[in-house]
Amino acid sequence: MGTAQGRRSQLLRGVLDLCLLAVVEEEPAYGYEMTKRLKARGLQTVGEGSIYPLLGRLEREGLVDTYRAASDGGPPRKYYRMSREGRRELEAGASEWRAARDAIDAVLGLIQAEV
Amino acid sequence: MDRFVKECRKEWKRLGVPDAVANEMAADLAVDLEEARSEGASVEDVLGTGAFDPRAFAASWATERGVVSPSPPQHRAPWRSPMLVAVVAFAVVAAVGGGLLLGSHGRTAVPVPLAGPPFREVMPGRPPAFFRPPPFGGPQTRCTIHSPMPGQVTAPRCERLWAVPGPIAGFVVRAPSLAGNRAGWILFVVGVSGIVVLTLMWWVVPGPWSRRRSASP
């Protein structure tokens, strides 16, 4: 794994739970469907451990609810949807992310200007 | 992909994940991987680096989901703790040995024929409770002579003398020696104290060998 990809994976790991919450906020989804939606948004690497353990944690912490439903004629899938606690977590997490991003941009932006 | 799911199932079984939950996770994973395969994606595309280590992936998933049963504490059987066994054995041996030592020093009876007319009680009191006359044959006079010192068996030096009418016969109850008595008491007290302490520890103090098992992590 190259340095750039490794850093990207590390960065994603810190906010992947927020990304998953954001995905199910739009529309309930099953595991692989979330992977595809993330990929469609440019997050092609799910990094270490994939999204399944993360979904397990979100479910355990009550940040998502689950239900079973058929998917496009296929076998029943386990769908994840946003819970009330999940929505609060997403709002708080998104706010933290923006604050961190702005701060990092402020630092990296200066360096970029010098280069 | 089937092999990946099978490996996951093995790991879940090893971790004590309930069958229903393991079946559900395995089914979800299998369906997702099948869909990915039908779309030309690899396991790695779906699982990232988790694709290279199914056991670690499965363990991580089950742990994050909170379905890993707490592993039973690997307690050693109490009898396999040499120190504990030694302490218990010492306490028991000391208590029993001390008790026997005390009992034997007060109970030794030596048949001694007594000369002279039938004895009468020369001192008030009655024989010690532990005293049992040995079975002499024929009509006899049963005498108890409590000697103040071991080996002193003659009547004149006896501390107490009981006699009942009949032909003369008798026996001496040897008086306990001071040293033997003291050693017996020390052993007995140490042994009983040890047993009491061990019992209290077993009752109160949590531990693998205790009545109150340590809380599982």
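We did not get these values from a lab; they are worked out from the coordinates using the rules stated. This one's a predicted model, so the numbers in the text were calculated from it and none came from an experiment. Methodologically, a virtual Cβ is constructed for each residue, glycine included, from the backbone with ideal geometry; neighbour enumeration extends over all protein chains shown.
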Can you list the residues, at least 5 places off or on another chain, whose amide H is less than 5 Å from the amide H of residue B:53, using H built in the peptide plane? none
Per residue of B:23-31, count partner chain C-beta atoms within 10 Å of its C-beta, then hand back the mean as an integer. 4
Could you give the angle, 0 to 90 degrees to the nearest 10, between helix A:3-26's Cα long axis and the longest principal axis of the Cα atoms of chain A? 40 degrees
Using only Cα atoms, locate the centre of the stretch A:4-53 and the centre of the stretch B:1-60, then give the distance between them in Å, rounded to an integer. 17 Å
For residue A:29, residues with placed amide H under 5 Å, excluding near neighbours: A:80
Can you work out the Karplus-derived ³J(HN,Hα) for every residue in the stretch B:49-54? Use 6.51 cos²θ - 1.76 cosθ + 1.60 with θ = phi - 60°, whole Hz, and x for glycine or proline. 5, x, 5, 8, 9, x
Check cross-link reach from residue B:6 to the lysines: straight Cα distance under 22 Å, and skip same-chain residues fewer than eight apart. A:78
3J(HN,Hα) from dihedral phi, the stretch B:186-198, Karplus parametrisation 6.51/-1.76/1.60, rounded to Hz, x for glycine, proline: 4, 4, 5, 5, 4, x, 5, 4, x, 5, 5, 4, 4
Which whole-number percent gives the relative contact order of the stretch B:2-65, counting Cα pairs below 8 Å spaced six or more residues apart? 44 percent
Is it possible to state the helix-based mean residue ellipticity at 222 nm for chain A, with each DSSP H run of 4+ residues giving -39500 (n - 2.57), the sum divided by total residues, to the nearest 500 deg cm²/dmol? What is it? -22000 deg cm²/dmol
If amide H atoms are built 1.01 Å from N in the plane of the peptide, which residues on other chains or at least 5 residues away come under 5 Å of the amide H of residue A:68? A:79
Given a 10 angstrom Cα cut-off, can you work out which residue in A:22, A:40, A:94 is the most mobile in a GNM of chain A? A:40
